[in-house]
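Data block below; observations after.
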Amino acid sequence: MYFCFQIKTMHQHFLLHKPHGYLSQFIYEKKRRKKLLGELYNFPEATMAIGRLDEDSEGLLLLTTDGMMSEIVRSKTVEKEYYAQVDGLITEAAITQIQNGVEIGFKAIRYTTKKCEAKIITELPDGIGEGRRIRDERHGPTSWVSITLTEGKFRQVRKMTAAVGFPTLRLVRIRVGSIHLQNLKAGEVLEVESFFK
């Protein structure tokens, strides 16, 4: 008689405020030196980032040792909210364009983004902080917009704001589903029991 025992492993989950200048990965095999997530915290073996933020972007990054959790969070039903600091004073007309979908380049083809939520932000939460200096104020005003997506094409938010004439200067992800950046400072890590209650 044979007995089959299922060993349940305890997975670990983390929230990270990814700083500007870091790759959303643990290994980089090209010759050029890059800052990696393992430099920020002693993550357990087999930890993976769920989704990515590009090197120039900041904000909420979820990490887990559970591959199934990664698939759930990356699904098209989970909202991701970004705050983008853009060049110039963004207009309501531009916001409406973003909400209705704009045409961007993706993998050498033209792609129209899905309808999304977008609004002008006049007050930033404390957790975002001042960040790195973008440019001298003499180069003109900047403004902030919130964009909430359920899709995530390569550099999508940046391409969307550029498509309506307001290039992104700084990009911070503040929410994934019901999980918020909270008051995590850049580089801080918080271990959580689960991503979903």
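The values are calculated or read from the model by the stated rules, or taken from the named source; none is laboratory data. Just so we're clear, the structure is a prediction, and the values are computed from it rather than from any experiment. We place every Cβ from the backbone using ideal geometry, glycine too, and count neighbours over all the protein chains shown. Accessible surface is based on the protein model in full, side chains and every heavy atom, while ligands, DNA and RNA are left aside. Shrake-Rupley method; radii C 1.70, N 1.55, O 1.52, S 1.80 Å.
Of the set (1) assigned to a loop (DSSP other than H, G, I, E, B); (2) more than 24 Å from L61 (Cα to Cα), all apply to K114 but (2). Tell me whether the stretch 90-102 contains one or more residues that are part of a strand (DSSP E or B) and surrounded by 16 or more Cβ atoms within 10 Å (Cβ to Cβ). No; the residues of the stretch 90-102 include none that is part of a strand (DSSP E or B) and surrounded by 16 or more Cβ atoms within 10 Å (Cβ to Cβ). Within the stretch 115-126, none of the residues are under 22 Å from I50 (Cα atoms), open to solvent by less than 30 Å² (accessible area, probe 1.4 Å) and touching a residue at least 40 places away in the same chain (Cβ under 8 Å). Screening the stretch 5-45 for residues that are more than 22 Å from the chain's Cα centre (by Cα) and aliphatic (A, V, I, L, M) and picking the one that is modelled with the highest pLDDT gives M10. Any residue that is of a type in the set (A, V, I, L, M) and either crowded, with 16+ Cβ neighbours inside 10 Å or modelled with pLDDT of 90 or more (or both) - is there at least one of those in the stretch 148-159? Scanning the stretch 148-159 turns up at least one residue that is of a type in the set (A, V, I, L, M) and either crowded, with 16+ Cβ neighbours inside 10 Å or modelled with pLDDT of 90 or more (or both). A162 falls short on exactly one of the conditions (1) free of Cβ contacts under 8 Å to residues at least 60 places away in the same chain; (2) of a type in the set (A, V, I, L, M); (3) open to solvent by 60 Å² or more (accessible area, probe 1.4 Å), and that condition is (3). The number of residues in the stretch 185-197 that are of a type outside the set (G, A, S) and either open to solvent by less than 20 Å² (accessible area, probe 1.4 Å) or at positive phi (or both) comes to 1. Checking each residue in the stretch 23-62 for being out of contact with any Gly (no Cβ under 8 Å at 6 or more places or on another chain), more than 14 Å from E191 (Cα to Cα), small (G, A, S) and surrounded by 17 or more Cβ atoms within 10 Å (Cβ to Cβ) picks out S57, G59. For the stretch 60-107, filtering for residues that are in contact (Cβ under 8 Å) with a residue 60 or more places away in the chain and on the phi > 0 side of the Ramachandran plot leaves 1. Restricting attention to the stretch 70-89 and to residues that are over 15 Å from the mean Cα position of the chain (by Cα) and within 21 Å of E123 (Cβ to Cβ), the residue that is least open to solvent (accessible area, probe 1.4 Å) turns out to be V86.
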